[in-house]
Amino acid sequence: MYRLRETFNLPDVPEAAEIPGFEPGLPGVPKVKPYVFDKERLRQLTMFYIGGFRALMLEGDPSAGKTSFVDQFHARMNIPLHKVPCSASTTAQQLIGQFLPNPETGKLVWIPGPVTRAALDGTSVLLDEWNLVDPGEAGGVNMLLEGYSWTIPETGEIIVPKRTTRFFATQNAADSKALVAGRNLHDVASEDRWSYMEVDFLDPVLEQNLIVNELVEGRIPQQLATHFAQICVQVANKVRRAFRGEDETDPQLVALADAIDKPLSTRAVSRWAKYAVMYTGVFKANKEQRSGLHYGIRQAVRMSPTMAMAVNDMITIVAGFDERTAS
């Protein structure tokens, strides 16, 4: 059993709150990385997990942290996680298993797919970008998502999922303003197999703490890390609100909103903060009157020319200096 307070660094969680996990040392457990857990997100995931439910769908804007949340939950619980990057060519057969040639003998042998392997081991599967999969192929795993036993037609073997088997999927909403190509609408029968969790970007304080932790781990002084994380997160959230068309009281930012064609992800903001610190140091050492904040974001994330100009102006507004100023 793992105590939630210590395992996920949530000091306000009751000390006695526990969740069952696995013993350390199993293959396939994700690597623990710097991460800050949102209490509400974790509550929903732990309710799903301890409630004995089988399949959980996490949906939200691109790069809202869906995959990393599932990954780091498993990392801290020492649960092996089979991660499958889905695409339009993903088939039910690939997920369940298929005959493949043995490289040594050349003979065809049955190789379990990640869904079958998780069922046999009692571990987890993460199907990333699930709604890229053709609806007909997605329907091929419907029965498995509810924990029923099933027969492998090619071998006659009956697979009985272990009690601890869990299936996770992430996807961007097909009707999201973030126009992500190739998303499919799955039918009601397929959608009904999943519990559902909506994932938004982290609370600004938590996102800032996450980025500070990552910078400090890279030997950036705490005070400097906090300074850059505050600015980067503040800009990122203004970009996200502008992208969603949410009300903004600052008329300067309202004027820039039309140029924003995508949100800034937490991982992009983290890259930006690191580049900003690095370039600021280089520019100061070379006595160049340039802003590491403005320069660093150009390398951290690809943006259209119009969005890049708008974000550049947002950085100036938030930071209080322009790109020709040493930050």
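Computing FRET efficiency as 1/(1 + (r/R0)^6) for Gln93 and Ser195, where r is the C-beta to C-beta distance and R0 is 35 Å, gives about 0.85. Overall, the chain carries a charge dipole of about 1040 debye about its Cα centre when +1 sits on the Cβ of Lys and Arg and -1 on the Cβ of Asp and Glu, all other atoms neutral. Charge dipole (Cα centre; +1 on Lys/Arg Cβ, -1 on Asp/Glu Cβ; no other charges) of region 199-327 amounts to roughly 600 debye.
Under 5 Å between amide hydrogens, built in the peptide plane, is the criterion, and for Thr325 it picks out Ser291 among residues at least 5 positions away or on other chains. Normalised by the number of residues in the chain, the average gap of Cα pairs under 8 Å and 6 or more apart makes the relative contact order 16 percent. Restricting attention to the chain, close to 35% of DSSP beta bridges with both partner residues there are antiparallel. Take the chain with all the other protein chains still there, run a 1.4 Å probe, and you get 51 Å² of accessible area per residue.
Annotation: amide H-H contacts under 5 Å for Phe201 (H modelled 1.01 Å from N, sequence separation of 5 or more, or interchain): none.
For region 211-289, carbon and sulfur atoms together expose 49% of the accessible surface, with a 1.4 angstrom probe and every protein chain in place.
Against the chain, whose longest principal axis is taken from its Cα atoms, helix 266-285 shows a tilt of about 40°. Only one residue of Thr105, Met303, Val277 has its Cα farthest out toward the positive end of the dipole of the chain, where Lys and Arg carry +1 and Asp and Glu -1 on Cβ, and that residue is Val277.
Charged side chains reduced to their Cβ positions (Lys and Arg at +1, Asp and Glu at -1) give region 1-129 a dipole of some 160 debye around its Cα centre. The GluC sites (Glu not before Pro) of region 243-327 that meet both conditions, a loop assignment by DSSP and at most 14 other Cβ atoms within 10 Å of the site Cβ, are Glu246, Glu288. The GluC sites (Glu not before Pro) of region 111-167 meeting both criteria, a DSSP state outside H, G, I, E and B (loop) and at most 15 other C-beta atoms within 10 angstrom of the site's C-beta, are Glu146, Glu154, Glu157. In straight-distance terms, cross-link reach from Lys39 covers every one of the lysines whose alpha-carbon lies under 22 Å from its own, apart from those fewer than eight places away in the same chain; here that gives Lys31, Lys66.
Sequence neighbours fewer than 8 away in the same chain don't count; with that in mind, list the lysines whose C-alpha is under 18 Å from Lys238. Partners within reach: Lys177, Lys262.
Once the Cβ-Cβ distance of Val109 and Lys31 is raised to the sixth power relative to R0 = 41 Å, the FRET efficiency obtained is 0.85. The simple spin-label model puts a point 7 Å past each Cα toward its Cβ; for Phe321 and Arg302 those points are separated by 3.2 nm. Only sites in a loop by DSSP and with at most 14 other Cβ atoms within 10 Å count here; which chymotrypsin sites (Phe, Trp or Tyr not before Pro) in region 129-160 make the cut? Filter output for region 129-160: Tyr148. Can you list the residues of region 42-71 with backbone N under 13 Å from a point 7 Å past the Cα of Ala173, pointing along Cα to Cβ? Under cut-off, by backbone N: 59-62. For the chain, the longest principal axis of the alpha carbon atoms and the long axis of helix 222-244 meet at an angle near 70°.
The structure shown yields percent of Cα pairs over 25 Å apart, and of the options (i) 62; (ii) 53; (iii) 58 that calculated value carries the label (iii).
Kirkwood radius for region 39-187, taken over all pairs of different Cα atoms as the inverse mean of 1/r, rounds to 16.3 Å. Considering only Met143, Met57, Met77, the Gaussian network model of the chain with Cα springs below 10 Å gives its largest mean-square fluctuation to Met143.
Less than 5 angstrom separates the built amide H of Leu56 from those of Phe167, Phe168, Ala169, Ser195, all sequence-distant by 5 or more or on a different chain. Exposed loop sites were defined as trypsin sites (Lys or Arg not before Pro) in DSSP loop states (anything but H, G, I, E or B) carrying at most 15 other C-beta atoms within 10 Å; in the chain the longest segment without such a site runs 32-106.
The values are calculated or read from the model by the stated rules, or taken from the named source; none is laboratory data. Keep in mind that what you see is a predicted model, and the values were worked out from it rather than measured. As a convention, Cβ positions derive from the backbone with ideal geometry for all residues, glycine included, and neighbour counts pool all protein chains shown. With ligands, DNA and RNA removed, areas are computed over all heavy atoms of the protein, side chains included. Shrake-Rupley method; radii C 1.70, N 1.55, O 1.52, S 1.80 Å.
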